[in-house]
Amino acid sequence: MEVEALIAHAQELIDAGEYESGLSALDEALKIDPSSGLAWYCKGCTYSQMAQFAHAVPCYKRATELAPRNPVGWYNLGNAFQQVEQLDAAIECFDEASKLDTEFADALINKGRLLDDTGRSESAIECYDKALRIDGNDVIAWSNRGNSLCKLGRYKAALASYGRALKIDDKDVAALFGISECLRELERPQKALLYVDRGLRYMPDYAPGWCDKAIVLTILNRYDEALACIERATQIDSTSVEAWNNNGEVLCHLTRYTEAIPCFDEALSIERTYLPAIFGKARALLNMGDHGSCAAICNQFFEIADPYDDLYEETRLMLDMCEGQADER
């Protein structure tokens, strides 16, 4: 078979879910023509569909070497780099895709998401603004823009972005949950609850949504309902660090500190450096009067935390209290 025919046959196999057979056909094509950019590209796409991104990366890289003017190749390479957590390489690929196609809004959106995830929210907003100049009705760009503004504490501006997303798609769950978070931060918990419930109506198996609802119910002192939401979250995802941490927080509100500590420990078994759980455990130990253990946990917090972290000063105060108790003895 000719190379083109082998690639077409491979695509038929891949479309039918026969990935290994499709890869074999692509390998046959590459034996005939190792410089077939299309074959390398299809091979990368197949590995991506199989969620084998470490294998996808070299295929996409070879495809971009053979067809360096193809923006989609760079875009897919960026997505594969993102999946293997080579984030700076991914951003460079999205930049290259945007240079080759100045109307490539998705490349700008994905770059913005990575910038936001790595603490560069202002730069992320610039990417979303560029994407929205290309397509002002892009729901994802509006929602993501809202997320970045929310991270920066610009809640009213974030609400405006989420509102634009909902005008385009009133079932956009990212915007609904985002609005709930903003309203919560603006101390409007009753209205926040309405939006989180709307989001859960469209996505009932979304564990972070149930965690969000638990936080709002905790603010409203509706602790039993909050615990029920957390239980639902852990049923959906037993490895949700946020759910276990929230469970500990609610139990602390109920002064059930001995029950709270195992919840914080479970969160930390999932993510050892999850600062809210370290802080929560320290506070529970302080309230139990275990000043020595509390001080040890506070010092663990300081080994990991940035001095600008929101919980840093509160943890410093806890440590001072523990040390003061030790001095009195």
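Here is a yes/no grid of residues against (1) in contact with an Asp or Glu (Cβ under 7 Å, 6 or more places away or on another chain); (2) within 22 Å of Phe53 (Cα to Cα); (3) surrounded by fewer than 20 Cβ atoms within 10 Å (Cβ to Cβ); (4) touching a residue at least 60 places away in the same chain (Cβ under 8 Å):
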residue: Ala67; (1), (2), (3), (4): no, yes, yes, no
residue: Asn70; (1), (2), (3), (4): no, yes, yes, no
residue: Leu77; (1), (2), (3), (4): no, yes, no, no
residue: Phe81; (1), (2), (3), (4): no, yes, no, no
residue: Phe94; (1), (2), (3), (4): no, yes, no, no
residue: Ala97; (1), (2), (3), (4): no, yes, no, no
residue: Gly112; (1), (2), (3), (4): no, yes, no, no
residue: Thr118; (1), (2), (3), (4): no, yes, yes, no
residue: Ser123; (1), (2), (3), (4): no, no, yes, no
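Filter the range 239-254 for residues that are in contact with a Phe, Trp or Tyr (Cβ under 8 Å, 6 or more places away or on another chain) and either β-branched (Val, Ile, Thr) or assigned to a helix (DSSP H, G or I) (or both); which is surrounded by the fewest Cβ atoms within 10 Å (Cβ to Cβ)?
Here the residue is His253.
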Being modelled with pLDDT under 95 and under 30 Å from Gly119 (Cβ atoms) narrows it down to one residue among Glu28, Glu92, Glu2, Glu85; which is it?
Glu85
How many residues of the range 257-308 are more than 26 Å from Leu227 (Cα to Cα) and free of Cβ contacts under 8 Å to residues at least 24 places away in the same chain? The answer is 9
When Glu103 is evaluated against the numbered criteria (1) in a helix (DSSP H, G or I); (2) more than 17 Å from the chain's Cα centre (by Cα), which criterion, by number, is the only one it fails?
(1)
Quick one: which helices (runs of 4 or more DSSP H) lie wholly within the range 164-221 and hold at least 2 residues that are farther than 21 Å from Leu149 by Cα?
189-202, 207-219
Look at Tyr257 and say whether it is under 20 Å from Val173 (Cβ atoms) and either of a type in the set (Ser, Thr, Tyr) or buried (at least 16 other Cβ atoms within 10 Å of the Cβ) (or both).
no
Counting only residues that are out of contact with any Lys or Arg (no Cβ under 7 Å at 6 or more places or on another chain) and either part of a loop (DSSP other than H, G, I, E, B) or hydroxyl-bearing (Ser, Thr, Tyr) (or both), the range 121-150 contains a total of 7
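In the range 1-72, which helices (runs of 4 or more DSSP H) lie fully inside it and hold 2 or more residues that are among the charged types (D, E, K, R)?
Answer list for the range 1-72: 3-15, 19-32, 53-66.
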Yes or no: the range 120-135 includes at least one residue that is in contact with a Ser or Thr (Cβ under 7 Å, 6 or more places away or on another chain) and not hydroxyl-bearing (Ser, Thr, Tyr).
yes
Gly248: at pLDDT 95 or above and either within 18 Å of the chain's Cα centre (by Cα) or acidic (Asp, Glu) (or both), yes or no?
no
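Go through the range 141-153 and give me each residue that's of a type in the set (A, V, I, L, M, F, W, C) and surrounded by fewer than 21 Cβ atoms within 10 Å (Cβ to Cβ). Lay out the reasoning, then the answer.
Within the range 141-153, the subset of a type in the set (A, V, I, L, M, F, W, C) is 141-142, 149-150, 152.
Of everything in the range 141-153, just one residue is of a type in the set (A, V, I, L, M, F, W, C) and surrounded by fewer than 21 Cβ atoms within 10 Å (Cβ to Cβ), namely Leu152.
Take the conditions farther than 28 Å from Asp106 by Cβ, modelled with pLDDT of 95 or more and touching a helix residue (DSSP H, G or I) at 6+ places or on another chain (Cβ under 7 Å) and apply them to Arg184. Does it pass?
Against the criterion (farther than 28 Å from Asp106 by Cβ, modelled with pLDDT of 95 or more and touching a helix residue (DSSP H, G or I) at 6+ places or on another chain (Cβ under 7 Å)), Arg184 qualifies.
Here is a check on your reading of the model: is Gly136 under 21 Å from Arg198 (Cβ atoms) and either surrounded by 19 or more Cβ atoms within 10 Å (Cβ to Cβ) or modelled with pLDDT of 95 or more (or both)? Talk me through it step by step, then tell me what you get.
Details: under 21 Å from Arg198 (Cβ atoms): no; either surrounded by 19 or more Cβ atoms within 10 Å (Cβ to Cβ) or modelled with pLDDT of 95 or more (or both): yes.
The answer is no for Gly136.
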From the list Asp205, Asp116, pick out the single residue that is out of contact with any Gly (no Cβ under 9 Å at 6 or more places or on another chain), among the acidic types (Asp, Glu) and over 23 Å from Asn247 (Cα atoms).
Asp116
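Pick out the one residue from Leu317, Leu275, Leu285 that is closer than 23 Å to Gly153 by Cβ, surrounded by 18 or more Cβ atoms within 10 Å (Cβ to Cβ) and either at pLDDT below 90 or not aromatic (Phe, Trp, Tyr) (or both). Break it down stepwise before answering.
On the way: Leu317 fails: surrounded by 18 or more Cβ atoms within 10 Å (Cβ to Cβ); Leu285 fails: closer than 23 Å to Gly153 by Cβ.
Criteria check complete, one pass: Leu275.
Between Lys171, Lys156, which is over 21 Å from Thr234 (Cβ atoms), exposed (fewer than 15 other Cβ atoms within 10 Å of the Cβ) and in contact with a helix residue (DSSP H, G or I) (Cβ under 7 Å, 6 or more places away or on another chain)? Steps first, answer last, please.
On the way: Lys156 fails: in contact with a helix residue (DSSP H, G or I) (Cβ under 7 Å, 6 or more places away or on another chain).
Among Lys171, Lys156, only Lys171 is over 21 Å from Thr234 (Cβ atoms), exposed (fewer than 15 other Cβ atoms within 10 Å of the Cβ) and in contact with a helix residue (DSSP H, G or I) (Cβ under 7 Å, 6 or more places away or on another chain).
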Has the range 230-238 got at least one residue that is outside any helix (DSSP H, G or I) and at negative phi?
yes
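The values are calculated or read from the model by the stated rules, or taken from the named source; none is laboratory data. A quick note: this is a predicted structure, and the numbers were derived from the prediction, not measured. Positions of Cβ are generated from backbone atoms using ideal geometry, with glycine treated the same way; all protein chains shown enter the neighbour counts.
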